[in-house]
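Reading through the structure tokens given below for one structure.
Read the figures in this text as sums done on the coordinates, not as results from a lab. Owing to the predicted nature of the structure, the values given are computational and were not obtained by experimental measurement. Positions of Cβ are backbone-derived with ideal geometry, glycine not excepted, and every protein chain shown enters the neighbour counts.
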Amino acid sequence: MQPVSRREMLGSLGTLAVAGGWIGLTPDEVVAQESGGSGKALREYSLPPLGYAYDALEPHIDAQTMQLHHDKHHAGYARKLNKALKGLDAVRQKGGSGEFARIRTLTDALAFNGSGHVLHTVFWKNMKKHGGGQPTGSLARMLDRDFGSFDRFVKHYSKAAGTVQGSGWGILAWEPLSRRLLVFGAEKHQNLTMWGSVPLLVTDVWEHAYYLKYQNQRGKYVAAFWNVIDWDNVAERLSQAMRLTG
Ligand SMILES: [Fe+2]
């Protein structure tokens with residue numbers, strides 16, 4: 001089983017995506033460690049490596065789609081996330097009312113591009129060459145408990161992903177308050193989710209994720225996605241999410 005690094009896991013925890021090496025530290029220790037004591041350091045998000053060849057998921061997801069999706073689309077979300085944060089920093093520094101008129105636009109950009117960056121970061125790790133099959137062990141038992149059976153989960157998730165209105169994501173998430181698994185159909189990247197839930201398995205259903213190969217047949221793409229899932233990665237994310245949100 002390929003272990004999930006702490007940084008990768010924190011990527012799936014959203015707002016903690018740029019943190020690293022801080023577990024067990026106090027807030028003051030984190031500030032001192034990450035800013036060199038100046039309090040001015042601006043930490044940047046970056047595009048994670050894909051981790052496998054562009055054609056590794058053929059024939060289910062084609063190489064050209066993977067290359068464009070990772071190198072262009074995801075890179076754009078990371079770049080615009082950093083741009084939004086720099087814009088907010090500039091607004092705070094200048095402080096005038098004219099500058100603060102930009103807060104709404106920049107805050108929207110932060111949520112959209114930040115959520116896009118987090119979900120794509122999880123998405124690449126959720127897939128592997130020769131993936132598919134079914135989960136085993138504790139993940140399988142939790143899916144049975146929360147959805148009735150693996151087959152019922154697959155039908156539920158596929159329908160949620162396939163019927164997202166416009167662009168969005170199918171998402172299996174750990175919800176820590178009720179300690180259960182939930183399925184969401186998120187619109188764009190940031191809408192129709194639930195605060196605090198941790199994405200474990202995500203399916204990008206934006207047209208850029210499938211249109212070159214599947215054109216308007218999103219359902220066929222979602223069906224093919226089950227053949228590339230790395231269930232070990234999903235199981236490890238569940239274990240880490242439960243430890244970090246306990
Ligand atoms: Fe995407």
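Per-residue 3J(HN,Hα) values for region 49-65, derived from phi via the Karplus relation 6.51 cos²θ - 1.76 cosθ + 1.60 with θ = phi - 60°, read x, 5, x, 7, 5, 4, 9, 5, 9, 4, x, 6, 10, 7, 5, 5, 4 Hz in sequence order (x marks Gly and Pro).
Beyond 25 Å in Cα-Cα separation lie the following of the pairs Lys83/Lys220; Lys129/Lys188; Lys125/Lys155: Lys83/Lys220; Lys129/Lys188.
Roughly how many whole Å is it from the C-alpha centroid of region 173-217 to that of region 64-92? Cα centroid of region 173-217 versus Cα centroid of region 64-92: 19 Å apart.
Of the chymotrypsin sites (Phe, Trp or Tyr not before Pro) found in region 171-205, those in coil by DSSP whose Cβ has at most 13 other Cβ atoms within 10 Å are Trp195.
Only Cα pairs within less than 10 Å get springs; with that Gaussian network setup on the chain, which residue of Leu81, Leu139, Leu25 has the largest fluctuation? Maximum fluctuation in the GNM of the chain, among the listed residues, is at Leu25. Once the Cα-Cα distance is subtracted from the 0.36 nm per residue extended length, the Ala101 to Arg79 segment shows a gain of 5.7 nm. Label positions at Leu47 and Glu29, each projected 7 Å from the Cα along the C-beta direction, are separated by 3.6 nm. Which is farthest toward the positive dipole end of the chain among Asn113, Gly137, Ala173, measuring Cα position about the Cα centre, with Cβ charges +1 (Lys, Arg) and -1 (Asp, Glu)? The listed residue farthest towards the positive side: Asn113.
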